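Structure, as structure tokens:
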Amino acid sequence: MPSKRLSVVVTRRLPEVVETRLTELFTVRLRADDTPMSRGELVDAVQEADVLVPTVTDRIDAGLIGQAGERLKLIANYGAGFDHIDVATARSRGILVSNTPGVVTEDTADMVMALMLGVTRRIQEGLAVMQDGSWQGWAPTAFLGARMSGKRLGILGMGRIGQAVARRAAAFGMQVHYHNRHRLRPEIEDALQATYWESLDQMVARMDMLSVNCPSTPSTYHLLNARRLQLMKPSAVIVNTSRGEVIDENALTRMLKAGQLGGAGLDVYEHGSQANPDLRNMPNVVMLPHMGSATVEGRVEMGEKVIINVKTFADGHRPPDQVLPAML
Ligand SMILES: NC(=O)C1=CN([C@@H]2O[C@H](COP(=O)(O)OP(=O)(O)OC[C@H]3O[C@@H](n4cnc5c(N)ncnc54)[C@H](O)[C@@H]3O)[C@@H](O)[C@H]2O)C=CC1
Ligand SMILES: O=C(O)C(=O)CO
């Protein structure tokens, strides 16, 4: 189909340069205001579009896909994670799904390091005294955190972002350990100087820090449940930039409140924007509003990936970043 005849509906505001290019290439309905679509608006969108461009804030479940019009043929997600899309149901209806991997990797890994430093070096406590003007000057025993260098970092999910975290952690002088669905090839493991743990239980019990970088899937739901969290050292710090569902957030909150964990750096939450309120105001918990990939460059590159996926599809080929149910 000529690209310009392809009807593309975008569910959220995207960077202007991306919206402009989409409009040049396709017949596009853009979102006027920067809010997620309501369920009714999503239903209208899947009935009208050949291609839907959703984001992580849209729930593209079986019920919605069931209401899609015959013409919907591609869901080109603006984002790497695709846990909010029922890929199996889409496939059974002959609808392709694509995502935007790779371009979010370095920025998200940077944010893992920022969160780790934020917790271990007590940055939010330091910021607070500077912002309220209460700092009285340097003191030998004030704001003492923990040294990152020499510490053991466990990476849960050693894919693109996990490996980018491993490279950064090595530069910080940390010892890198990982647990992954599949062991890395020996040459990659060697290059990353990473130690593989087949048993997640055994790994978490020995780490000073844990970075969660696996996707949210049925097999990773509450992978860090109360039992596993209790295996961790009481001084251990957890950083989660993947998806909130991987950690039992209530169990994590209880343990942090009880002083059974050293701290947490969180970019994502089990119930989207509704983080457990008890996590707020804990000095050893740094909370960010899902901004791991939020750089100007990254968000434009995510848009370029969407455009390449949609254009390739319009030209009669499979989108290069097609995702399949087996990837879950
Ligand atoms: N906070 C943010 O802004 C961002 C968050 N993300 C999240 O990060 C996740 C990871 O992204 P990438 O590294 O690009 O994905 P990836 O697919 O390259 O890596 C994920 C790794 O997790 C492993 N894995 C899957 N299931 C597992 C299990 N049950 N146990 C152990 N390992 C398992 C996979 O084998 C793979 O190596 C995304 O799925 C997304 O949810 C991605 C980008 C930005
Ligand atoms: O890409 C993703 O999966 C995000 O969470 C936002 O970039």
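A few remarks follow.
- Residue within region 138-156 that is out of contact with any strand residue (DSSP E or B) (no Cβ under 7 Å at 6 or more places or on another chain), within 16 Å of ligand 2 (Cβ to nearest atom) and aliphatic (A, V, I, L, M) present: no
- Any chance THR57 is touching a residue at least 60 places away in the same chain (Cβ under 8 Å), in the same structural domain as ASN240 (by the TED database) and in contact with a Gly (Cβ under 9 Å, 6 or more places away or on another chain): no
- Residues that are crowded, with 22+ Cβ neighbours inside 10 Å, out of contact with any Leu (no Cβ under 8 Å at 6 or more places or on another chain) and in a loop (DSSP other than H, G, I, E, B) occur in region 89-100; there is at least one.
To keep it simple, each residue is scored yes or no on (1) within 12 Å of ligand 1 (Cβ to nearest atom); (2) within 26 Å of ARG254 (Cβ to Cβ); (3) outside the structural domain of GLU245 (by the TED database).
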residue: LEU279; (1), (2), (3): no, yes, no
residue: ARG299; (1), (2), (3): yes, no, yes
residue: GLU304; (1), (2), (3): no, no, yes
residue: ILE308; (1), (2), (3): no, no, yes
residue: PHE313; (1), (2), (3): no, no, yes
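- Answer residue from region 181-239, given it is closer than 22 Å to ARG168 by Cα and within 16 Å of ligand 2 (Cβ to nearest atom) and is most open to solvent (accessible area, probe 1.4 Å) among those: PRO215
- The lone exception for GLY303 - which of (1) in contact with a Phe, Trp or Tyr (Cβ under 8 Å, 6 or more places away or on another chain); (2) open to solvent by 50 Å² or more (accessible area, probe 1.4 Å) it fails: (2)
- Close Cβ contacts (under 8 Å, 6 or more residues apart or on different chains) running from residues in region 166-191 that are closer than 27 Å to LEU328 by Cβ to residues that are of a type in the set (Phe, Trp, Tyr) and open to solvent by less than 30 Å² (accessible area, probe 1.4 Å) comprise ALA166/TYR178; LEU184/TYR178.
- Filter pass, GLY259 being open to solvent by 10 Å² or more (accessible area, probe 1.4 Å), out of contact with any strand residue (DSSP E or B) (no Cβ under 7 Å at 6 or more places or on another chain), over 21 Å from MET113 (Cα atoms) and not assigned by the TED database to the domain that holds GLY118: no
- Lone qualifier among GLY145, GLY118 - being buried (at least 16 other Cβ atoms within 10 Å of the Cβ), in contact with a Ser or Thr (Cβ under 6 Å, 6 or more places away or on another chain), farther than 30 Å from PRO320 by Cβ and of a type outside the set (Lys, Arg): GLY145
- Pairing residues of region 248-268 that are closer than 16 Å to LEU223 by Cα with residues that are hydroxyl-bearing (Ser, Thr, Tyr), at Cβ distances under 7 Å and at least 6 apart in sequence or on separate chains, gives GLU249/TYR269; VAL268/THR241; VAL268/SER242.
- Given (1) in contact (Cβ under 8 Å) with a residue 40 or more places away in the chain; (2) open to solvent by 90 Å² or more (accessible area, probe 1.4 Å), number of the condition GLY154 does not satisfy: (2)
- Subset of region 281-296 that is away from ligand 1 (no atom under 14 Å from the Cβ) and touching a residue at least 60 places away in the same chain (Cβ under 8 Å) - its residue that is farthest from THR105 (Cα to Cα): PRO283
The values are calculated or read from the model by the stated rules, or taken from the named source; none is laboratory data. These numbers were taken from a predicted model, which means no experiment stands behind them. Please note: Cβ atoms are built from the backbone with ideal geometry, for glycine as well, and neighbour counts cover all protein chains shown. Quick note on the areas: whole protein, heavy atoms, side chains included, nothing else; ligands and nucleic acids left out. Shrake-Rupley method; radii C 1.70, N 1.55, O 1.52, S 1.80 Å.
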